[in-house]
Every structure is written in structure tokens, then in C-alpha cells.
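First comes the structure, then the notes that go with it.
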Amino acid sequence: MRGKRRPLPTVTAAELAQVVARLARTDLSRRERERLELLKGRALGQDIATLARWSGRSPRTVWRWLLQFDAARRPELADAPRRGRPPLADAAYRTALVEAVETPPRRLGLGFDAWTSGRLSAYLAAQTGVRLAPGWVRVLLRRAGFTTGRPKHTLRHLQDAAAVQEGVAVLAALGEKGAGCAGAL
């Protein structure tokens, strides 16, 4: 920073207590937590160079964050709102997505048995009025902890259990290589 540097902000005991209480929260973003840790380090007497080394940030960035606190004198060091269009998939959309995925499509009166991202996208567009591309639906599903992929259809449920057991017993009796009798079956 060029010119005269402002003195480093001092943190009072009451402000340090607010910072420590805020650090105990679990809903902080990673950047806000980092800024609060820098402020706590400053309150404990660390200099800018030490704080910059610890955080992996430049000394200029550490200065800026500490001066931001000094200007507001509040321990809220969250990012300012980002510019641009707000996300379409708000909390209500994500809730509707989870509810739809956990409900079989037939129970919702739909004519298919398995969800695809395209079907989910169309269904949620009709329910919420928000149309997202199927690729974004897959991203939201992954973030919600769901896995996606192709369903594996088998005929195992149509097999006769007694016939399967009999076949397994015959194969076991023949051994690995058929016990040398090609025409036994």
C-alpha cells in the first residue's frame, strides 16, 4: 500500500468475545471464517506478516480485511452480495427436487417407473414454474447427496427360486470344468 499506512486496528475484549462467539457457529462461509480467524489473530497480537503467512493471503489482502473491520467495527466480515442474476434453483426448488426424487413417479400419477434428469426437469418446471436444464438438475442432485446413473433392469424377480437352486446344485456337482462329461446335461 502506498502512502501513509493507517495503524493496525485494535480489537477490544468485547469485540474479541463477539468474534469467538461468531466462530463457534457452523453456518459460516469459508471466507468469513478465515476473516474472523485473522481478526482473532490480530486481537491476540499477531502482525500482518504472520497473519499473511498463516492464511496464504497477501499482506495487502490482510490489511484490507482488517481495515474493513476497522471501518465497520463489527465482526461480520461476510462477502458483499455478488452481482449478476440470482440463482433459479432457490431453496423451494431444491426442496421440491428432493421430494420428487424420493417419491416414485407412479405415485405422482406419471406414466413411467424411473426418473431421468429430463423427466425431473420437466416435472419440476410444471410444479415450480422454474425450468432448469437436465444437466443442472443432475448437479443439484449430486449436491443433495443423490447418485445418478442408468437403472439396472434384471429378470431376477421373474426366476423360479427352486429351479435356480437346482441349477446351482447341478453346476456344483459337475465342478469347475464340467467333470469331463460334455454331454451330461
**Asked** Would region 29-36 turn up any residue that is assigned to a loop (DSSP other than H, G, I, E, B) and surrounded by 15 or more Cβ atoms within 10 Å (Cβ to Cβ)?
**Response** no
**Message:** Can you pull out every residue in region 29-56 that is under 25 Å from the mean Cα position of the chain (by Cα) and over 12 Å from residue 16 (Cα atoms)?
**Reply:** 29, 30, 31, 32, 33, 34, 35, 55, 56
**Request:** Take region 112-122 and flag every residue that is in contact with a Pro (Cβ under 8 Å, 6 or more places away or on another chain) and of a type outside the set (Asp, Glu).
**Result:** 112, 114, 115, 116, 117, 118, 119, 120, 121
**Prompt:** So, in region 9-21, of the ones that are touching a helix residue (DSSP H, G or I) at 6+ places or on another chain (Cβ under 9 Å) and modelled with pLDDT under 85, which residue ends up nearest to residue 66 (Cα to Cα)?
**Reply:** 9
**Asked** Residue check: is residue 10 farther than 27 Å from residue 81 by Cβ, hydroxyl-bearing (Ser, Thr, Tyr) and either assigned to a loop (DSSP other than H, G, I, E, B) or touching a residue at least 12 places away in the same chain (Cβ under 8 Å) (or both)?
**Response** yes
**Request:** Considering (1) polar (S, T, N, Q); (2) within 20 Å of the chain's Cα centre (by Cα); (3) outside the structural domain of residue 105 (by TED's automatic domain parsing); (4) modelled with pLDDT of 90 or more, say which one residue 165 fails and leave the rest.
**Result:** (2)
**Prompt:** Of all residues in region 136-155, which are surrounded by fewer than 10 Cβ atoms within 10 Å (Cβ to Cβ) and without any contact (Cβ under 8 Å) to a residue 24 or more places away in the chain?
**Reply:** 145, 147, 149, 150, 152, 153, 154, 155
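The values are calculated or read from the model by the stated rules, or taken from the named source; none is laboratory data. Since we're looking at a predicted model, the values are computed, not measured. Using ideal geometry, Cβ is built from the backbone for each residue, glycine included, and neighbour counts are taken over all protein chains shown.
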